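S.K.: Please read through the structure below; I'll follow up with questions.
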Amino acid sequence: MTMAVRIVHASKDEYGNYSRGIAGDQTGQEVCQRNWYDRPWDVVARPKYDYIARYTATVAAILAASPAIGYDQGDRLSLYKACSLIKWDINRINELTPCECDCSSFIAVVLQFAGIEIPSNVWTGNLEYYLSLSGFYTLIYEQEVRKSDRRLRAGDILINRVHHVAIAITNGSEATLDVMYTAFVNVSSFLQVRTSPEINNNEYKIGGHSIRLPPGLRVIICEESGEWGRLYDLPGWVNLKYLTRGKINGL
């Protein structure tokens, strides 16, 4: 029997309502894990980088387990404010004072922990826009991804534009990686990688900060644009002339 994908979402308060409940999770189900269901979902927002997918899924599960975090649309930004007080340190989550969120403000908090800034007062109707604007997410509209959990990946954000949003924290039975091939850094000195995901005229934009890859490091290429390859497990692009291709599917 195939296990359903687990999702995390903020749902309803302790009275089964959307507002005027007591701060904090009074039932253990106001913000919770559950099996995937068809809301239906209008779009799936998928992280472009594996480290974001893994971290946001982990953060969502930790937040869902906190008794301090409840559901209340009327006080939906208090979780954001409470997390600001602990300086967005997930290791200090037990220091949170009782607070509230709703489904979309919960996702804004999860993203902020990962360093992705979107408006704290985002709602389901414009979340899709802000995720696309961030540069860290790809929007998927294919029915086979939206209507079933088989191809979902941990970190995917599921959006119903009118009603609801949730985040997947486990992989579906047919989840795949957008991996083209593995490669190895072959330069004699450290190779610099720009974190900007945008490329114009086969040159990466000067923006963000840089990381340095040592010679011999094995990397995973998941997209090509001209002479440039996007790294799967690190944020950024490298010039392919400095890489030696490894085995296909050599993970």
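The values are calculated or read from the model by the stated rules, or taken from the named source; none is laboratory data. Please read these numbers as outputs of a predicted model, since none were measured by experiment. Please note: Cβ atoms are built from the backbone with ideal geometry, for glycine as well, and neighbour counts cover all protein chains shown. The area values use the complete protein model at the heavy-atom level, side chains included, leaving out ligands, DNA and RNA. Shrake-Rupley method; radii C 1.70, N 1.55, O 1.52, S 1.80 Å.
S.K.: At 1.4 Å probe size, with the rest of the protein present, what percent of the exposed accessible area of the chain is carbon and sulfur atoms?
M.R.: Values: 5990 of 12350 Å².
Carbon-and-sulfur percentage of accessible area, whole number: 49.
S.K.: Moving on to the next point. How much accessible area per residue does region 1-153 have, counting only protein heavy atoms and a probe of 1.4 Å, in square angstrom? Write out the running numbers ahead of the final one.
M.R.: Numbers: 7240 Å² over 153 residues.
It amounts to 47 Å² per residue over region 1-153.
S.K.: What helices does the chain have that are whole DSSP H segments, at least 20 Å long along their own axis by Cα, and with mean Kyte-Doolittle hydropathy of -0.5 or more? Can you show the working numbers first?
M.R.: Numbers: long enough: 50-64 (21 Å, 0.93).
Within the chain the helices that satisfy the rule are 50-64.
S.K.: Next up: Using a Cα distance threshold of under 29 Å, what count of lysine pairs results for the chain when pairs must be 8 or more residues apart or interchain?
M.R.: Number of lysine pairs found: 10.
S.K.: Next question. Using modelled backbone amide H atoms (1.01 Å from N, in-plane), which distant-in-sequence or interchain residues come within less than 5 Å of TYR137's amide H?
M.R.: Here the answer is LYS48, since their amide H atoms fall under 5 Å of that of TYR137.
S.K.: Pairs of alpha-carbon atoms within less than 8 angstrom and 6+ residues apart define the contacts here; what relative contact order does region 1-72 have, in percent?
M.R.: Values: 100 pairs, mean separation 33.3, N = 72.
Value for region 1-72: 46 percent.
S.K.: Normalised by the residues of the chain, what does the relative contact order come to in percent, with Cα pairs under 8 Å and at least six apart? List each step's numbers first, then the result.
M.R.: Details: 587 pairs, mean separation 50.2, N = 251.
With pairs under 8 Å counted, the relative contact order is 20 percent.
S.K.: Just how far, in whole angstrom, is region 122-190 from region 52-67 if you go by their alpha carbon centroids?
M.R.: 16 Å
S.K.: How many percent of DSSP beta bridges within the chain run antiparallel, rounded to 5? Each step should come with its number before you reach the end.
M.R.: Numbers: 39 of 42 bridges.
That works out to approximately 95 percent antiparallel.
S.K.: Loop-only GluC sites (Glu not before Pro) in region 59-142, please: DSSP not H, G, I, E or B, and at most 16 other Cβ atoms within 10 Å.
M.R.: Of the GluC sites (Glu not before Pro), the ones in loops of region 59-142 whose Cβ has at most 16 other Cβ atoms within 10 Å are GLU117, GLU142.
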